[in-house]
Amino acid sequence: HCEAVPVGAENRLGAHVSRRWGKMLLKAAERSEEIRLGLRRPPGRRVDEFGSQEAAMNSDDVLMKEARPIQVVLAHEDNHHFDLDEESLERILLQEHIRDLNVVVVSVAGAFRKGKSFLLDFMLRYMYNQNPGTWLGGDDEPLTGFTWRGGCERETTGIQVWSEVFVINKSDGSQVAVLLMDTQGAFDSQSTIRDCATVFALSTMTSSVQVYNLSQNIQEDDLQHLQLFTEYGRLAMEEVYQKPFQTLMFLIRDWSYPYEHPYGLEGGKSFLEKRLEIKQNQHEELQNVRKHIHSCFAKITCFLMPHPGLKVATNPSFDGRLKDIDGDFKKELRNVVPFLLSPENLVEKEIGGSKVTCRDLVEYFKAYIKIYQGEELPHPKSMLQATAEANNLAAVAGAKDVYAKGMEMFCGGDKPYIAPTDLEQQHLTLKEASIKQFRSIKKMGGEEFSRRYQEQLEQEMDENYANFVKHNDSKNIFYAARTPATLFAVMFTMYIISGVTGFIGLNSIASLCNLVMGIALISLCTWAYTKYSGEFREFGAIIDQVAETIWEQVLKPLSDNLMEDNIRQTVANSIKAGLTEQGSQHTKLKTN
């Protein structure tokens, strides 16, 4: 069904209280003067649930406008191509105060229209106000941040990140930068399997926590898609000595079975153990899927979320106000968001066992997007397409085997030389039989899909026929002697011409003919050595090719013309002799 994900226009989250109070006090007077003169925009203000107003300040390094989602991976629907907006990404991650901090990247991915952006907006509320009792906001406060709306059409395309990177102090005194990432929903009507795999793989490769957003349950096809997408990501990584990805959370939305597994982390843990359990009596395919997922992620968790309520699902004007959301959903929101984003639970991004800074993350984005823009990786396919291809390729292999066996019995091995016309006739007969067999096999994908595989079959049979022709010609003793005969003919011709031209004083032409005759002699000796020893076969092949060219272009036309002239002369002489004899007989009869 088309789940009504919380609605909202392009509202912006209000600016937050800066953590750099010292700098704020030092520069307050300067900023006030700039605002008065019109050199600086007044800072945004937000009203909290207690009615107090707090001045919001952006980074001192970059005067950013009101924070908003920025699309860093652009999706082109016309050619299904992805580009990286390097300028936007660098403007966000290369700010002076965060560029060298270790980065935490929390990404939400999954099927489209399942509430990914809705969830991320609650994460934003938590990041701007980490007070355990009040971060969820007031009952009448619309939900703003990443854009979202209700309905059944997709909203997010490509990959978006929040323009403000949050600096968090950890308990050990260190600081980390937290980046929130929203991804294009998978399996919409405009995205190919490759598009979905690319977005999911990119977000998984660049995030430290990947939230896999699912509806109602973990089905087997969800695990198979996860296997496909993570393998597509792992292929893009040059060297993988350990588990390539860090934390995966299955977030099950609209969970309807709390009596079996209760909402939250504990219920999710027991449910996930049951879903990913590898049993002895399981089919090998099911076992491989589960082994693959365990081999890809260092940590796998699951959280069960209740349905947000009928008002959320059916009200087209719903704008995210808490008063319209069911209490169970709000209760679990208070658990799942801090579990992902509280300072003690943050997972810093690592690649190859090394921590990644914001500056490093920019370079990894650039490297990964280049890989997916190229053609080095295989293109992922749907299950039907992959099965149809395998089905048609098997039919091609079977039909080609029929052709190859028939031709082998006719002219292969130690079979004697066969006339070219008979060989061609046998080729056409077997080719027709093989195509008939290919068509008779039931294949998936339809007639149009199978036609290109039939064309592939015909092309491969024609290539095999060319090899059989060469093999058959090698059995012809006259064909085998063509090269030495051609070289002898060249030497003999050059010898005659050299003698004649030397006799009449054309020494330059005689010298040229002697040179050609010497080259032909050396070629003949080289060719004989390659055939006897089996060495320098490349040279032997070149000599054969040159000799065949001379034969086809010069000697054969000359011999054909000479033979034609001889035949014509013979026929003319025979007719003339016949007429003469007939005339003499007629004269004798007349005399008598």
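The values are calculated or read from the model by the stated rules, or taken from the named source; none is laboratory data. This one's a predicted model, so the numbers in the text were calculated from it and none came from an experiment. All Cβ positions, even for glycine, are placed from backbone atoms using ideal geometry, and neighbour counts span all protein chains on display. Ligands, DNA and RNA are excluded from the accessible area calculation, which covers all protein heavy atoms including side chains. Shrake-Rupley method; radii C 1.70, N 1.55, O 1.52, S 1.80 Å.
Some observations on this one:
- Qualifying residue in segment 255-265 (condition: surrounded by 17 or more Cβ atoms within 10 Å (Cβ to Cβ), aromatic (Phe, Trp, Tyr), closer than 21 Å to Thr230 by Cβ and under 37 Å from the mean Cα position of the chain (by Cα)): no
- Remark: Met444 falls outside the filter, which requires a residue to be in contact with a Lys or Arg (Cβ under 6 Å, 6 or more places away or on another chain) and of a type outside the set (Ser, Thr, Tyr).
- Selection count where residues are of a type outside the set (Gly, Ala, Ser), in a helix (DSSP H, G or I) and open to solvent by less than 40 Å² (accessible area, probe 1.4 Å), scope segment 304-329: 4
- Given (1) touching a strand residue (DSSP E or B) at 6+ places or on another chain (Cβ under 6 Å); (2) part of a loop (DSSP other than H, G, I, E, B); (3) of a type in the set (S, T, N, Q), number of the condition Thr301 does not satisfy: (2)
- Filtered residue count, segment 520-541, keeping only those that are surrounded by fewer than 14 Cβ atoms within 10 Å (Cβ to Cβ) and assigned to a helix (DSSP H, G or I): 7
- Residues of segment 330-362 that turn out to be part of a loop (DSSP other than H, G, I, E, B) and open to solvent by less than 30 Å² (accessible area, probe 1.4 Å), as a count: 5
Results for (1) free of Cβ contacts under 8 Å to residues at least 60 places away in the same chain; (2) outside any loop (DSSP other than H, G, I, E, B); (3) open to solvent by less than 40 Å² (accessible area, probe 1.4 Å), shown as yes or no for each residue.
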{"site": "Lys443", "(1), (2), (3)": "yes, no, no"}
{"site": "Glu455", "(1), (2), (3)": "yes, yes, no"}
{"site": "Thr501", "(1), (2), (3)": "yes, yes, yes"}
{"site": "Gln553", "(1), (2), (3)": "yes, yes, no"}
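- Qualifying residue in segment 245-262 (condition: polar (S, T, N, Q), assigned to a loop (DSSP other than H, G, I, E, B) and modelled with pLDDT of 80 or more): yes
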